[in-house]
Ligand SMILES: NC(=O)c1ccc[n+]([C@@H]2O[C@H](COP(=O)([O-])OP(=O)(O)OC[C@H]3O[C@@H](n4cnc5c(N)ncnc54)[C@H](OP(=O)(O)O)[C@@H]3O)[C@@H](O)[C@H]2O)c1
């Protein structure tokens, strides 16, 4: 958290800076000249479409074996065909595995299966939702919070020791990228004063605001990762928060309708970059930045400040509270022991 940035958190969070980035900045593509991932294995969640599909394609371009983690097997198979077509590679270079982040059982089963891999070097935890309407899942949490935050954190913590044990040789840590968003910096996070804070996401919002909730789910992940990185060194596994920027061609706006749909479409045509450009930042975080991205937000291929709230005294207090509550919520999976294990260098 003591990293020096070339922009303040407030300036980075401004609309002017956002427009500047959308129009004039893009992450450079990591090419096979820069990085050779032959012999390595990556998991990409939500790789059926959009940014996850593009990230999986780019990792395959670098010689990496890719596990396409999807909730719908047939959409996963379609994605696998799309990214492998025309390549002279062995069929096991791209596999489709089932994962539904709405269910803790599915997450733990997925991690159990990952334990059987020969190698695991990278996990791009990209799967996420933009909920147009408020719905609550079987755990009682609002679905966006469940999928974008709680289940992604569980998956990251379950995969971390597997990556630590199974990353291929060579310098540098394995990598877990928890995909973030510009909208984290714009969230008002009105639940921040609640104690306990997580329980607030089991209650209906006083007035449902889809953008606010989506941004808050991504802000929760920033707060958690900032705390985690204080306790876990980057020696074996680095955890980053890459933001692709606003991208067109994905299904993220699938639930929007009416005027929201129209506004989303107009913004897509005026402002957005392609998913192929957005996904470059995930790949850069996991391959060229690696340890430098540990506990950091990555944007357009470089480390940038998280949401301004993260650096405030209140943000740091809420981060500690959220961290403890999240570990309590996920205690059934032994996450405190996992973190203790990760804190001790091998
Ligand atoms: N697009 C943008 O402008 C933008 C900007 C900033 C950040 N992001 C973030 O980037 C990530 C990818 O977004 P995208 O734009 O590519 O959206 P997308 O096209 O809607 O892709 C989301 C992926 O997540 C999967 N997913 C959703 N709920 C899931 C669940 N319960 N379990 C497992 N997988 C689930 C979807 O699977 P199905 O195919 O089965 O629906 C899909 O593969 C998200 O985390 C999003 O928040 C996007």
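Taking the conditions exactly as written (closer than 19 Å to residue 51 by Cβ, part of a loop (DSSP other than H, G, I, E, B) and touching a helix residue (DSSP H, G or I) at 6+ places or on another chain (Cβ under 8 Å)), does residue 256 satisfy them or not?
Criteria met by residue 256.
Looking only at segment 174-186, which residues are buried (at least 24 other Cβ atoms within 10 Å of the Cβ) and more than 11 Å from the ligand (Cβ to nearest atom)?
174, 175, 176, 185
Out of all the residues in segment 151-163, which are crowded, with 20+ Cβ neighbours inside 10 Å and in contact with a helix residue (DSSP H, G or I) (Cβ under 8 Å, 6 or more places away or on another chain)?
Scanning segment 151-163 gives 151, 152, 153, 154, 155, 157, 158, 159, 160, 162.
Going through 151, 180 one at a time, which residue ends up being assigned to a loop (DSSP other than H, G, I, E, B) and either more than 20 Å from the chain's Cα centre (by Cα) or closer than 30 Å to residue 312 by Cα (or both)?
180
Mind checking which residues of segment 128-148 are surrounded by fewer than 24 Cβ atoms within 10 Å (Cβ to Cβ), within 15 Å of the ligand (Cβ to nearest atom) and in a loop (DSSP other than H, G, I, E, B)?
Within segment 128-148, 129, 130, 131, 132, 133, 135, 137, 138, 139, 141 qualify.
Suppose we filter 266, 232 for residues that are out of contact with any strand residue (DSSP E or B) (no Cβ under 7 Å at 6 or more places or on another chain) and within 15 Å of residue 22 (Cα to Cα); which single one remains?
Checking each option against the conditions leaves just 266.
Filter segment 49-74 down to the residues that are surrounded by fewer than 16 Cβ atoms within 10 Å (Cβ to Cβ) and either within 12 Å of the ligand (Cβ to nearest atom) or under 18 Å from residue 252 (Cβ atoms) (or both) and list them by number.
Answer for segment 49-74, where residues must be surrounded by fewer than 16 Cβ atoms within 10 Å (Cβ to Cβ) and either within 12 Å of the ligand (Cβ to nearest atom) or under 18 Å from residue 252 (Cβ atoms) (or both): 72, 73, 74.
Select from segment 220-277 the residues that are on the phi > 0 side of the Ramachandran plot, surrounded by fewer than 17 Cβ atoms within 10 Å (Cβ to Cβ) and within 14 Å of the ligand (Cβ to nearest atom) and list them in ascending order.
Across segment 220-277, there are no qualifying residues.
Whether any residue in segment 114-125 is within 16 Å of the ligand (Cβ to nearest atom) and free of Cβ contacts under 8 Å to residues at least 40 places away in the same chain is what I want to check.
Looking for residues that are within 16 Å of the ligand (Cβ to nearest atom) and free of Cβ contacts under 8 Å to residues at least 40 places away in the same chain, one finds none in segment 114-125, hence no.
Consider residue 171 carefully, then state whether it is assigned to a loop (DSSP other than H, G, I, E, B), surrounded by fewer than 15 Cβ atoms within 10 Å (Cβ to Cβ), in contact (Cβ under 8 Å) with a residue 12 or more places away in the chain and away from the ligand (no atom under 13 Å from the Cβ).
When the stated conditions are applied, residue 171 does not pass them.
One residue is enough: does segment 284-298 have a residue meeting the conditions within 29 Å of residue 200 (Cα to Cα), at pLDDT 95 or above, within 13 Å of the ligand (Cβ to nearest atom) and in contact with a helix residue (DSSP H, G or I) (Cβ under 8 Å, 6 or more places away or on another chain)?
Looking for residues that are within 29 Å of residue 200 (Cα to Cα), at pLDDT 95 or above, within 13 Å of the ligand (Cβ to nearest atom) and in contact with a helix residue (DSSP H, G or I) (Cβ under 8 Å, 6 or more places away or on another chain), one finds at least one in segment 284-298, hence yes.
The values are calculated or read from the model by the stated rules, or taken from the named source; none is laboratory data. For clarity, every value in this text was computed on a predicted model and none was experimentally measured. Don't worry about glycine lacking a Cβ; one is built from the backbone with ideal geometry, like all the others, and counts go over all protein chains shown.
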